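Laboratory data are not the source of any read-out in this text; all were calculated from the coordinates shown. This structure is a prediction, so every number in the text was calculated from the model and none was measured. FYI the Cβ positions are ideal-geometry reconstructions off the backbone, even for glycines, and counts take in every protein chain you see.
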Amino acid sequence: MMKMKLLLFLSGVLWVSADVLHQDLNIKGCSDSDGEFMYALDGEELWYADFKKGKGVEPQPPFVVHSSYPEGMYQFAVGDVQICRTNLGLRRKAMKDIPLERDAPSNLVIYPRDEVELGEKNILVCHVSGFYPAPVNVSWTRNGQKVTEGTSINVPFPSKDSSFTQISRLQFVPQLGDIYSCSVEHLALEEPMTRTWDVEMDNPQSGPGPSIFCGVGLTIGLLGVAVGTFFLIKGNECS
Ligand SMILES: *[C@@H]1O[C@H](CO)[C@@H](O)[C@H](O)[C@H]1NC(C)=O
């Protein structure tokens, strides 16, 4: 019933097996420094091994019916990534160390998940895609200060063109004038790529915005000067 399709990613650095019939995806991959083991359904992460925390994670919110994953799943993932790394070494030897393809992120956007309401909890999303190999490092700042609390990042997700996408999130409470930034580090970037977002600019409740009032004020002011000058000249003519 299940048809497995084995894709071998370039340079053997990441290899992915995908079951296409149900858009059920099992992503396994490794590089010398990183590894990934994830189950996804229709693009949503169901389970992944968090190698930094040393456990399996089910990122779906509680209202989603969770599939049950066996207890030993995490250990299995660890073993699998080790095998991947061994294979990677062998393949690299066989291929005489061909250089690794490197593609910098082609797209980076930052946006709030929900419509911005001042003082209301929200989530800033930093969406980075088009890079190879995985992963990227994403860091956040608020008014120039680094923020780590309330941040998370998903595991790299492969696209059809064999590049990757990652999404980082920051829980935040919008306050007028606050400026946020998300910076992305990648192997193919010499400098981090950064996008900023500020609460004022994107806040739709503040009506036409201060620049309009400024413009109107300036116009009225100039009109006043013109009228004043007109009467000044007229007045001089009369005397
Ligand atoms: C990401 O951060 C880790 C830890 O600071 C570092 O070792 C690694 O080189 C970084 N990766 C990239 C792509 O900059």
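Observations on the model:
- Net charge of neighbours whose Cβ lies under 14 Å from the Cβ of Arg102, counting Lys and Arg as +1 and Asp and Glu as -1: -4
- Reachable lysines from Lys146, criterion Cα separation under 21 angstrom, eight or more residues apart if same chain: Lys52, Lys121
- Computed from the Cβ-Cβ distance with R0 of 35 Å, the FRET efficiency linking Leu90 to Ser68 stands at 0.50.
- Scattering curve values for the range 107-202, log₁₀ I(q)/I(0), Debye with Cα scatterers, q = 0.11 Å⁻¹: -0.31
- Centre-to-centre separation between the Cα atoms of the range 96-116 and those of the range 32-68: 20 Å.
- Note on Lys160 and Gln60: the extension gain reaches 33.6 nm, defined as 0.36 nm multiplied by sequence separation minus the Cα-Cα distance.
- Directionally averaged projected area (the range 47-115, Cα convex hull): 8.3 nm².
- In this label model, Asp198 and Glu185 are separated by 2.7 nm, measuring between points 7 Å along each Cα→Cβ vector.
- Whichever aspartates and glutamates have a C-alpha closer than 12 Å to that of Lys28, once near sequence neighbours (fewer than 8 apart) are set aside: Glu36, Asp80
- Dipole magnitude (debye, nearest 20) for the range 107-202, charges at Cβ of Lys, Arg, Asp, Glu: 340 debye
- Volume in Å³ per residue [convex hull over Cα atoms, computed for the range 86-145]: 145 Å³
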